[in-house]
Amino acid sequence: MQAVATLYRGQQSSTLAVLSMLPNPPGMPAGTPPMTMQLAIVTGGPIGWRLPLAVTKGFALEPKLTTAKVAGVEAAGVTYGIGANSQGLLVLRDATVVYDGVADGVVLKDLNGDGSAEVLRSWSPFCQSHVASPRLSTVYQWQQGTFAVATGSFPKVLAQDQANFEAAVARANLAATRPVWTAGQKACLHDALGYIAQEGAQQAEAQKQFAQVKQLDPTYDIAAIQKAADGLPARTSP
C-alpha cells in the first residue's frame with residue numbers, strides 16, 4: 001500500500017509526502033501486526049531526489065494520508081488506528097514532525113475556516129465507563145511556530161461538548177437508565193461540564209458545576225478532569 005500527495009510543485013523543484021506500509025519481518029505473515037507505516041518527505045530538483053525525513057510507526061491500522069495548509073505551508077498528516085478505541089495522528093510540516101499524538105480520536109482539520117488547519121483531539125474522561133462517557137475535546141492551534149492548546153478560542157467545539165455532557169446528565173438521571181449511575185459517576189459528568197466552562201472562560205458556570213460535583217460526592221477530586229487533560233494521574237469515585 002502506498003499513497004503520495006504533492007506538498008509543493010514549482011518549475012525547478014517538487015516536494016512529495018509518501019505514505020507506505022513496510023514489509024513485516026521475515027517469518028511473519030504479511031498484513032498482520034506490527035504493520036509498520038512510514039511517512040516520508042521526498043524533494044526533487046535538477047540534481048535528483050532526496051529524502052529529508054522519514055518517520056515510522058508500528059502497529060498502525062488503516063493509515064490515511066491527508067494534506068492541509070498550516071499557517072500557509074502545506075502539511076502532511078496521517079491518521080491511523082491503534083486497537084479498537086484509539087487513533088493516532090502524525091503531522092509533518094517543513095520536513096519536521098510538528099504533532100505526534102494518540103487519543104480516542106485525533107484529526108487535522110480547519111475548524112474555524114481561516115485556511116489554517118488545527119489538530120482536534122477527543123478523549124474520554126471515563127465517566128462511568130469509556131463507552132458510556134461522552135468525549136471532551138482539546139484543540140491545538142498553530143501559534144508562533146508550534147501547535148499550542150487553544151480550545152477556548154473555539155466556542156463551537158466547546159458548545160458541542162457541553163451539549164453532549166448535558167445530554168449525558170439527563171440520561172444518567174433517568175430512573176430507567178441501566179446500568180445505574182452512582183453519585184460519583186454523575187459527579188464526573190458535572191466535573192466535565194465545569195472543565196468545559198473554564199475552557200470557555202465561563203467562571204460562574206464552572207463554579208456552579210463544581211458545587212454540584214461536591215453535592216453529589218464530597219470525596220470527588222474536582223481537579224480530576226483537569227489532571228487528565230494535563231496528562232497527570234487522576235482519581236474519580238467508583
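No lab work stands behind these numbers, since they all come straight from the coordinates. As the structure is a prediction and not an experimental result, all values here were calculated from the model. In this analysis, Cβ positions are derived from the backbone assuming ideal geometry, glycine residues included, and neighbour counts consider all displayed protein chains.
Against the chain, whose longest principal axis comes from its Cα atoms, helix 203-216 is set at around 60 degrees.
Ordering ILE196, ASN173, THR219 by Cα displacement along the dipole of the stretch 166-238 toward the positive end leaves ASN173 in first place; charges were set at the Cβ atoms of Lys, Arg (+1) and Asp, Glu (-1).
Sorted from longest to shortest, the spans of the Cα atoms of the stretch 163-238 along the three principal axes equal 34, 25, 21 Å.
Summing Lys and Arg as +1 and Asp and Glu as -1 over all other residues whose Cβ lies under 15 Å from the Cβ of GLN207 gives a net charge of -1. For LYS64, the lysines whose Cα comes closer than 22 Å to its Cα, not counting residues fewer than 8 places off in the same chain, are LYS109.
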